[in-house]
Amino acid sequence: MWSEDEWVMISAIEHYSYCPRQCALIHVEQVYDENVFTLRGQRAHERADTVSWEMTGTTRLERALPLWSERLGLNGRADTVEFRADGTLYPVEYKHGPRRQHHHDDLQLCAQAACLEEMFGQKVTHGAIYHHSTRRRREVAFTPEMHAEMEAIVAQIRWLRQEGRMPAPHNDARCPNCSLVDACVPAVIAAARLQWHQHKLYQADEDSHSNEERIACSHP
């Protein structure tokens, strides 16, 4: 159904939800850089990124499990999937920060659930974000609304890649902590855009005055 360049990485959903420009820099321009936050994230993922499995009581834990959805054109992997004794599949995503809600994290986990549903032919209703800093889980319920939002984002990412588009920067509180701030240069682009708009407004005002003068000259 999907050509090779139409498949979307599951991780791109989090990137797009957080900032479409960040997503385009990574998944269109292939730009990536490190900062203290990405390095912390890598440390939090060290164990989860190693393909392995173990039994915890009656639950089988599969780490770095490959995931895909032919219907959505999605692929990637799950940090951990719990295969519970009652047949429940429960994805767990690892994040380095403290326990707090980030909707973009939830959308990424929802995409993992959609892949698991297709791969194993059963409903996946809940998962969890494991926050490494506090070593606590936050459970996420996968609602129809969340699935719809996630699928809409997948379509937007595919469009960005096919068109090679680069969204405008937000230039807000997210930018200083972004590892791609030097490649994005949001303040510079925002200033240039503001200058361009001011020039267009000034030009429109000048054109308006010129038109008024021409009308006045033609009607003595």
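Key figures for this structure:
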| quantity | calculated |
| --- | --- |
| Count of region 110-124 residues which are in contact with a helix residue (DSSP H, G or I) (Cβ under 9 Å, 6 or more places away or on another chain), in a helix (DSSP H, G or I) and within 14 Å of E82 (Cα to Cα) | 2 |
| Selection count, region 180-199, where residues are surrounded by 16 or more Cβ atoms within 10 Å (Cβ to Cβ) and either hydrophobic (A, V, I, L, M, F, W, C) or at pLDDT 80 or above (or both) | 4 |
| Yes/no for G127 being assigned to a strand (DSSP E or B) and of a type in the set (G, A, S) | yes |
| Region 1-33: number of residues that are over 21 Å from A78 (Cα atoms) and among the aliphatic types (A, V, I, L, M) | 5 |
| Positions within region 158-171 being surrounded by fewer than 11 Cβ atoms within 10 Å (Cβ to Cβ) and closer than 13 Å to P20 by Cβ, in sequence order | W159, E163 |
| Enumeration of residues in region 138-157 that are among the aliphatic types (A, V, I, L, M), farther than 15 Å from L109 by Cβ and surrounded by fewer than 17 Cβ atoms within 10 Å (Cβ to Cβ) | A148, A152, A155 |
| Scan of region 122-151 for residues that are among the hydroxyl-bearing types (S, T, Y) and at pLDDT 95 or above, ordered by number | T125, T143 |
| Any hit, region 95-109, residues being under 27 Å from C175 (Cα atoms), among the hydrophobic types (A, V, I, L, M, F, W, C) and either touching a strand residue (DSSP E or B) at 6+ places or on another chain (Cβ under 6 Å) or modelled with pLDDT of 95 or more (or both) | yes |
| Residue match in region 81-99 (condition: more than 27 Å from S3 (Cβ to Cβ), aliphatic (A, V, I, L, M) and in contact (Cβ under 8 Å) with a residue 40 or more places away in the chain) | yes |
| Some residue of region 132-152 being within 16 Å of R63 (Cα to Cα), in a helix (DSSP H, G or I) and more than 15 Å from the chain's Cα centre (by Cα) | no |
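The values are calculated or read from the model by the stated rules, or taken from the named source; none is laboratory data. This structure is a prediction, so every number in the text was calculated from the model and none was measured. Every residue, glycine among them, receives a Cβ derived from its backbone with ideal geometry; neighbour counts consider all protein chains shown.
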